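Taking it in order: structure first as structure tokens, then the write-up.
The values are calculated or read from the model by the stated rules, or taken from the named source; none is laboratory data. Please read all numbers here as calculations on a predicted model, not as lab measurements. Every residue, glycine among them, receives a Cβ derived from its backbone with ideal geometry; neighbour counts consider all protein chains shown.
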Amino acid sequence: MSHAKRTRAKSDDLSSEKKLKRSNSNVVDYMTQIQTNLRIKNVDIKEHTSTISEPVPDKKAKEDTSEHAISTISTFISDRLLSIEQELCIKLQDITFPPSIQYIYNPLEYASETHAMYVHKYCTGIKKILFVGMNPGPWGMSQTGVPFGEINMVRDWLKISGPVGKPSKEHPDRKVIGFQCTRSEVSGLRLWSLFRELCGNPENFFQNAYMHNYCPLAFMDGKARNITPAGDGQKILHEACDKSLIDIIQLLKVEIVIGIGNYAEKRAQTAVQTGGLSVQVMVLRHPSPRAVGNQNWNEIAKQRLNELELLKYFDNASITAV
């Protein structure tokens, strides 16, 4: 090998080493920032990144170390999000709701396995966009543990399925039978079908975005009708859910929150203001089939995303270039 080639090869190695060090530094900085922002205790950043900063003998080892670092961060983020949700569930257990609410379903508890699959599979890094729905629907998340989780879309497109338990008190007209349920959550079908059309595969959607529900609980009266808590219970509920949403926005370093429906947008606005976050809050029309003029929701939604200049994050042909 000529002297020039040897010099260039050595220079390339040094350049790669500098990039790796810079990348590893970013990993540590990001995890430290997460810990500081969320006041996470008992998390040893050095433990999570010890293999990152140790010298590595060759290029293959460097690549393996980088992959390990990415895997470590992915697990950390998904586990932390599940922890935030668990903390919220504990707070909500202490709320006394009015007698009109006779049934409360929490799929984060009885559908914890499939919900955790969703989080570990698709919430593994920072997200520019966070979609926020209200709370679980009876034939969607209440059955699958996935936000807007229409059964066919969850099983066949998101590739998630598994055992689902039952709520502690179950209404006979709103039985939870998991993936055996034959009812379809039309709102969820419309929403996920839109992104299947735009993105092609789930990975393209979750590259820039994540789907989350503001409140994990479904509330029903004695006739199995959805009901919204009122009074002091509502105030405590909002405070707890706001705090959880703030933590998730910070964890994922979200830049844009899109409320699916006016209620979700309003709660997101309140949370962002309360947390003093520099985040844009927008609204996307809810895909409910009961809403007037919602027959052509798919086209309405695409037009809205285009108006917000967000289609580029979901267009299958341009995602990699964003």
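Keeping to the range 189-241, report how many residues are exposed (fewer than 14 other Cβ atoms within 10 Å of the Cβ) and basic (Lys, Arg).
Qualifying residue count for the region: 3.
Are there any pairs with C-beta distances below 9 angstrom linking a residue in the range 136-159 that is among the basic types (Lys, Arg) to a residue that is assigned to a loop (DSSP other than H, G, I, E, B) and at pLDDT 95 or above, with the two at least 6 apart or on different chains, and if so which?
Listed pairs, sorted by first residue: Arg155/Ser161.
Against the condition surrounded by fewer than 21 Cβ atoms within 10 Å (Cβ to Cβ) and in a helix (DSSP H, G or I), how does Glu113 come out, does it pass?
Yes.
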